[in-house]
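Since every read-out is calculated from the coordinates, none of them should be taken as a lab result. Remember, predicted model here, so these are calculated numbers, not experimental data.
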Amino acid sequence: METPVLFWILFNLFVLLMLALDLGVFHRKTHEVSVKEALTWTFVWIFLALVFNTVIFFWKGQQQALEFFTGYLVEKALSVDNIFVFVMIFTYFQIPAKYQHKVLFWGILGALVMRVIFIFAGVALIEKFHFTIYLFGALLIYTGYKMFGHSNIRIDPAKNPVVIFARKFIPVTPELQGDRFFVKNQGKRFATPLFLVLLLIETTDLIFAVDSIPAILAITQDQFIVYTSNVFAILGLRSLYFALAGIIHRFWLLSYGLAIVLVFVGLKMMLVDVYKVPIELSLAFIALIIAGSIFLSFRIRNPSEKNI
């Protein structure tokens, strides 16, 4: 069932309104986001996603509602990997906590634009060239395999080609200039280290999107469901970062759980013409693996921390 253009417009207006309220009202003044504030916003975004999921249920039916919730769950879990990298980038550049929200705001705004392009391109490819679904499936299986070997994405800011390229062609100030991305000095425009951090955040999300978009396309090819579940997961990423940044290292088994999920959805794509896995089974399996890996992360001590 095609989604009328009006619903696309209304949803995007809602997103723009929430972003305007976020930056223009609640975070108009630069400040350090407390854990309490972060948890509040995290629950707000989860609540809004569940409300929207209910709307999908009464509007499009149970199947689409399950697809939305499964896609949202997968994207939310995969976004935790982003948080690991965000912590590393902010730590390397010694970005004060009070400036981090602005970077993540603009970084995630750029991520939304990139995700839209990836989603429509991915759906179009599958619809026009059906064999690409097997390529996406193989990519997910390979990514899951890499995650089992701890070789999933890691960012070395000092050697990152994006940072090297930016420093080569854009003069960068040696120190932060408040929360500004650019400053003028003697009539010449300089980027600040905060702009380099923003570039890294955008690059990181672009890399993660290569995995996350095929993962949700294994669940549904309904563009509206894919897009909205992605948007809700991404919009809640900033608050989730501030809520979990201090304890993210405790989720040491989550990467293994995500690896299993990626392999599962990859196999689901590869077998789509042989057997279509029921969405109810997919949701139950994915939820069990993610919840189990989080639970075991707290129950089993990370071996690398034994001597700490």
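Could you work out how far helix 97-128 tilts from the main Cα principal axis of the chain, as a 0 to 90 degree angle to the nearest 10?
40 degrees
Starting from 0 in steps of 10 Å, tell me what percent of the Cα-Cα pairs of the range 182-282 lands in each bin.
Binned Cα distances yield the sequence 11, 30, 32, 16, 8, 3, 1.
If each DSSP helix of 4+ residues adds -39,500 (n - 2.57) and the sum is divided by the residues in the chain, what number results at 222 nm, nearest 500 deg cm²/dmol?
On the way: 11 runs with 216 residues, N = 308.
Helices in the chain give a 222 nm mean residue ellipticity of -24000 deg cm²/dmol.
Compute the helix-to-body angle for 223-235: its Cα long axis versus the longest principal axis of the chain, expressed 0 to 90° and rounded to tens.
Computed tilt is about 40 degrees.
Nearest 10 degrees is fine. How inclined is helix 279-299 to the longest principal axis of the chain, computing both from alpha carbons?
That helix lies at roughly 50 degrees to the long axis.
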